[in-house]
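Beneath this line is the structure, given in structure tokens, with notes to follow.
The values are calculated or read from the model by the stated rules, or taken from the named source; none is laboratory data. The model shown is predicted, which means the values in this text are computed figures rather than measured ones. Here the Cβ positions follow ideal geometry from the backbone for every residue, glycine too, while neighbour counts run over all protein chains shown.
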Amino acid sequence: MLMQAVHGLDGVTINDLYELYPDFYIDTKREQQLLLNHEIIIFQFPFLWYSTPALLKEWEDIVLEHGWAYGSKGCALQNKKLFCTISTGGGALAYHKGQNQFSIRQLLAPIEKSAYLCGMEFLPPFVIHGTHLLKKENMQEYGERYRRLVFALVHGKVDYHKVSRLENLNTHLDSIIFD
């Protein structure tokens, strides 16, 4: 539903890793060129066992090469923005410090650290909790909110000073998007 919501937006490229690389043989140069062509990178995935799916991890390992993405000569991603759009089977209460020991933002720390290492700005995630219990109208609402956020990001209509202090993007859209 989320990919459908942003499909066709100007400035948005959907890059479905599982569709392109079912055998896990990733075209590193193609993927690096896509990163160079975009200022905002979104990792969209189901949050599985507090982590990314295997193919996204493989993608990180081979595409974000030393000397290209990080290191003394690796500056290809400097000043780009990265955030995660994730779905969870568990409800929102399952991802608070009290219940699971860690918040979603804390569980995304390895991705945030990788972004920092590459000179990127890591934004709070867009999170959908309890997906297996959502009704169609809830999914449509999330899709509309996601499209609104991505459109605003692409067109420079997001107040990044407000964004940095947030736990997630989706519950604060009205306060971070301007016309």
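Observations on the model:
- Some residue of the stretch 37-53 being out of contact with any Pro (no Cβ under 6 Å at 6 or more places or on another chain), in a helix (DSSP H, G or I) and farther than 19 Å from PRO125 by Cα: no
- The residues of the stretch 118-171 that are part of a helix (DSSP H, G or I), touching a strand residue (DSSP E or B) at 6+ places or on another chain (Cβ under 7 Å) and more than 18 Å from GLY11 (Cα to Cα), listed by number, are THR131, TYR142, ASN170.
- Residue match in the stretch 124-142 (condition: crowded, with 18+ Cβ neighbours inside 10 Å and closer than 28 Å to GLY71 by Cβ): yes
- Looking across the stretch 72-100, the residues that are under 25 Å from VAL12 (Cβ atoms) and not charged (D, E, K, R) come down to CYS75, ALA76, LEU77, GLN78, ASN79, LEU82, PHE83, CYS84, THR85, ILE86, SER87, THR88.
- Selection of first residues in the stretch 151-162 that are surrounded by fewer than 17 Cβ atoms within 10 Å (Cβ to Cβ) and of second residues that are modelled with pLDDT of 95 or more and part of a strand (DSSP E or B), restricted to Cβ pairs under 7 Å at least 6 apart or on distinct chains, gives the following pairs, ordered by first then second residue: LYS157/ILE177.
- Qualifying residue in the stretch 83-99 (condition: out of contact with any Leu (no Cβ under 7 Å at 6 or more places or on another chain) and part of a strand (DSSP E or B)): yes
- Some residue of the stretch 63-70 being over 21 Å from TYR142 (Cβ atoms), in contact with a Gly (Cβ under 6 Å, 6 or more places away or on another chain), surrounded by 13 or more Cβ atoms within 10 Å (Cβ to Cβ) and free of Cβ contacts under 8 Å to residues at least 40 places away in the same chain: yes
- Subset of the stretch 78-101 (residues that are charged (D, E, K, R) and out of contact with any Ser or Thr (no Cβ under 7 Å at 6 or more places or on another chain)): LYS80, LYS81
- Put simply, of TYR70, TYR18, TYR50 the only residue that is of a type outside the set (D, E, K, R) and either under 23 Å from VAL150 (Cβ atoms) or in contact with a strand residue (DSSP E or B) (Cβ under 9 Å, 6 or more places away or on another chain) (or both) is TYR18.
- Residue that is surrounded by the fewest Cβ atoms within 10 Å (Cβ to Cβ) [pool: residues in the stretch 1-30 that are farther than 22 Å from TYR142 by Cα and of a type in the set (D, E, K, R)]: ASP23
- Scanning the stretch 11-57 for residues that are more than 15 Å from the chain's Cα centre (by Cα) and modelled with pLDDT under 95 yields a total of 2.
Each row is one residue, and each column tells you yes or no for (1) more than 21 Å from PHE126 (Cα to Cα); (2) aromatic (Phe, Trp, Tyr); (3) surrounded by 18 or more Cβ atoms within 10 Å (Cβ to Cβ); (4) free of Cβ contacts under 8 Å to residues at least 60 places away in the same chain.
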| residue | (1), (2), (3), (4) |
| --- | --- |
| LEU82 | no, no, yes, yes |
| LYS97 | no, no, no, yes |
| PHE102 | no, yes, no, yes |
| LEU108 | no, no, yes, yes |
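- Scanning the stretch 157-176 for residues that are over 19 Å from ILE40 (Cα atoms), touching a Ser or Thr at 6+ places or on another chain (Cβ under 7 Å) and not aromatic (Phe, Trp, Tyr) turns up nothing.
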